[in-house]
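To keep things clear, I will list the structure first and then write my remarks on it.
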Amino acid sequence: MNSFTYTRTEDVDTAVLERSSEQTSKFIAGGTNLIDLMKENVERPTRLIDITHLPLTSITDTVNGGLRLGALVTNADTAYNEQVIQRYPLLSQTILAGASPQLRNMATDGGNLLQRTRCYYFYDTATPCNKREPGSGCSAINGFNRIHAILGTAPDNSGLGQPQCIATHPSDMCVALAALEAEVRVTGINGERTIPFADFHRLPGNTPNIDNTLEPGELITSIDLPAKGFPKYYAYLKLRDRASYAFALVSVAVALEMDGDTITTARIALGGVAHKPWRKPEAEAKLIGKPATKENFQAAAELLLAGAQGFGHNTFKIELAKRAIVRALGQAAKLEPTA
Amino acid sequence: MMPAVESGTLEKRPPSLPSVQTVTLTVNGKETKLQIAPWTTLLDALREYMDLTGTKKGCDHGQCGACTVLVNDKRINSCLSLAIMQEGAKITTIEGIAGTYTDAPAGLHPLQKSFIERDAFQCGYCTPGQICSAVGLMNEGNAKTTADIRELMSGNICRCGAYTNIVDAIEDVLNEKAA
Ligand SMILES: Cc1cc2nc3c(=O)[nH]c(=O)nc-3n(C[C@H](O)[C@H](O)[C@H](O)COP(=O)(O)OP(=O)(O)OC[C@H]3O[C@@H](n4cnc5c(N)ncnc54)[C@H](O)[C@@H]3O)c2cc1C
Ligand code: SF4
Ligand code: FES
Ligand code: FES
């Protein structure tokens with residue numbers, strides 16, 4: 001690890017001020033991702049600002065009937081919160097599918113959004129990586145890329161040209177937050193703003209070193225869940241190399257509203273396939289007013305994976321994702337058991 | 001050719017001597033003042049500065065659970081936490097587990113006894129982490145079935161594969177408590 005100084009702050013304004021006064025400083029919350037990356041010399045902050053004592057550790061009701069998750073609430077306290085279990089069971093289940101009990105006791109909700117990719121080359125400072133060192137190249141495209149992205153890798157809007165980065169965002173929690181259409185509240189030296197979840201993470205394009213739309217120095221203060229929580233028809237299906245304590249190869253969060261057999265609202269978000277949780281409005285729209293059948297699910301799955309591109313080791317993810325979508329939709333619509 | 005690691009966004013910085021500071025930790029009920037650098041993990045503080053070597057270093061990256069300790073009665077991976085961040089917290093390591101179980105008089109914790117009875121180890125390297133993790137699991141109170149125990153102990157890897165006996169040992173204690 002590189003040498004750094006450490007400070008602990010107790011209020012948001014001081015934290016934001018301290019952070020902005022030293023460009024190369026970083027906030028530290030649970031530390032489960034940052035310390036890991038510092039040990040590998042991937043992250044080399046000159047100062048750590050400990051934000052775990054900020055008063056952002058509670059879960060409260062919002063004025064518009066939703067729920068506000070303080071950025072420093074742990075993943076465990078969120079997943080086991082009575083309100084979250086009752087009103088947003090998809091979120092609870094999704095968090096519990098990630099990491100381990102020990103890690104969930106440390107990891108915070110804000111930190112979970114900002115965890116970095118698990119691409120092996122990103123972690124290995126001896127190899128080129130455009131995310132770690134812009135312009136150095138991407139080792140994964142022609143290397144081991146079993147865990148890498150199959151969607152949204154194009155370098156620009158033309159969709160042509162060699163991808164700059166095929167990393168995935170590794171979070172489970174974020175897949176549920178995408179489906180639930182949460183909002184991220186942030187504070188910086190220029191004040192507060194709210195970012196819709198779909199706009200929070202970004203595709204790599206030509207600047208894969210930038211994971212999200214947070215301005216440098218901005219602090220996440222909360223994640224706000226809208227009133228609609230889909231407590232009845234939901235599913236999170238996570239496929240991985242072992243039954244627990246492993247990142248997703250492909251995951252699917254589904255939230256539905258049904259009128260009898262007919263789907264009236266559909267949200268489908270994919271994890272493990274792109275630089276951000278992947279949604280496609282056309283695929284969701286295709287299900288509205290339709291009965292919950294395998295054929296209709298299959299059609300939505302095809303649309304969601306349209307344009308998917310494999311890089312060799314990860315090509316299996318295209319078919320895997322389609323099957324996972326069909327199964328998760330079946331589970332959410334209660335056509336098949338969740339086990 | 002590999003690009004030099006020093007180029008790009010990585011900052012070049014001259015080497016400097018470690019800046020040591022005083023950190024007070026409360027471990028197993030005892031307060032200790034340590035002179036450590038801010039980058040010392042809780043795991044290294046326990047093992048290298050306090051001679052509490054019961055807590056093990058397996059991977060140093062949150063992937064094995066050998067370093068599990070309790071902070072304010074919650075289980076965490078001490079390899080991914082900085083000692084300096086735990087000032088003011090109540091830390092319990094495997095050395096402090098015996099005699100802390102409120103329902104039992106001094107002596108081994110029921111989980112420690114149960115691990116012995118069920119022969120829940122081979123080499124024993126993962127055992128301190130397994131036991132601290134199981135204490136945490138009991139504090140959390142979310143494990144109702146054998147499947148729950150397996151899932152909620154998945155953060156502790158046992159290279160010897162003593163899982164069956166580990167789960168049995170924990171289940172015995174949970175059943176005893178429920179009875
Ligand atoms: C072995 C292992 C397995 C894992 N498995 C999974 C898994 O299966 N699924 C999954 O989803 N995750 C998994 N994780 C990742 C884990 O969930 C994340 O590391 C964790 O959520 C990060 O939260 P943290 O509070 O520890 O963040 P930190 O490590 O403290 O911080 C991460 C980053 O966020 C910044 N930051 C933190 N909080 C804020 C804030 N409020 N405002 C602004 N910036 C902030 C920090 O500066 C840092 O850059 C795993 C981790 C490990 C080590
Ligand atoms: S996929 Fe992205 S993170 Fe991985 S080596 Fe390529 S540029 Fe780096
Ligand atoms: S040493 Fe901490 S999890 Fe392996
Ligand atoms: S007993 Fe050897 S690693 Fe578990």
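What to note about this one:
- Which listed residue is away from ligand 2 (no atom under 16 Å from the Cβ) and among the basic types (Lys, Arg), from A:Arg118, A:Arg104, A:Arg132, A:Arg146: A:Arg104
- Conditions (1) part of a loop (DSSP other than H, G, I, E, B); (2) touching a Gly at 6+ places or on another chain (Cβ under 9 Å); (3) buried (at least 18 other Cβ atoms within 10 Å of the Cβ); number of the one not met by A:Pro134: (3)
- Among the criteria (1) within 16 Å of ligand 3 (Cβ to nearest atom); (2) on the phi < 0 side of the Ramachandran plot, the one A:Ala99 does not fulfil is (2).
- Which numbered condition A:Ile223 misses (of (1) out of contact with any helix residue (DSSP H, G or I) (no Cβ under 9 Å at 6 or more places or on another chain); (2) under 28 Å from A:Leu67 (Cβ atoms)): (1)
- In region A:150-161, the residues that are within 21 Å of A:Phe316 (Cβ to Cβ) reach residues that are not aromatic (Phe, Trp, Tyr) and not in a loop (DSSP other than H, G, I, E, B) with C-beta atoms within less than 7 angstrom, at least six apart or across chains, in these pairs: A:Ile150/A:Lys317; A:Ile150/A:Ile318.
- When B:Asp168, B:Asp148 are checked against the criterion of being more than 20 Å from B:Lys74 (Cα to Cα) and either facing another protein chain (nearest Cβ under 10 Å) or assigned to a helix (DSSP H, G or I) (or both), B:Asp168 stands alone in meeting it.
- Number of the condition not met by B:Glu48 [criteria: (1) of a type outside the set (Lys, Arg); (2) more than 30 Å from A:Ile49 (Cβ to Cβ); (3) away from chain A (no Cβ under 14 Å)]: (2)
Residue-by-condition table, conditions (1) of a type in the set (A, V, I, L, M, F, W, C); (2) closer than 21 Å to A:Tyr123 by Cβ:
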| position | (1), (2) |
| --- | --- |
| A:Ile141 | yes, yes |
| A:His148 | no, yes |
| A:His169 | no, yes |
| A:Cys174 | yes, yes |
| A:Phe200 | yes, no |
| A:Pro204 | no, yes |
| A:Thr207 | no, yes |
| A:Asn212 | no, yes |
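- Condition met for B:Gln35 (modelled with pLDDT under 95, touching a strand residue (DSSP E or B) at 6+ places or on another chain (Cβ under 8 Å) and over 16 Å from B:Ser81 (Cβ atoms)): no
- Residue selected from region B:45-62 under the condition more than 12 Å from the chain's Cα centre (by Cα) and of a type outside the set (A, V, I, L, M, F, W, C), by the criterion surrounded by the fewest Cβ atoms within 10 Å (Cβ to Cβ): B:Asp51
- Residue check for B:Tyr163: aromatic (Phe, Trp, Tyr), within 13 Å of ligand 4 (Cβ to nearest atom) and within 13 Å of another protein chain (Cβ to nearest Cβ): yes
- Residues of region B:63-96 satisfying the condition of being surrounded by fewer than 20 Cβ atoms within 10 Å (Cβ to Cβ) and within 12 Å of ligand 1 (Cβ to nearest atom): B:Gln63
- Residue in region A:306-320 that is within 27 Å of A:Pro231 (Cβ to Cβ) and under 21 Å from the mean Cα position of the chain (by Cα) present: no
- Residue that is farthest from the other protein chains (Cβ to nearest Cβ), among those in region A:152-174 that are assigned to a loop (DSSP other than H, G, I, E, B) and touching a Lys or Arg at 6+ places or on another chain (Cβ under 9 Å): A:Gly152
The values are calculated or read from the model by the stated rules, or taken from the named source; none is laboratory data. Everything numeric here is computed off the predicted structure, so don't read it as measured data. All Cβ positions, even for glycine, are placed from backbone atoms using ideal geometry, and neighbour counts span all protein chains on display.
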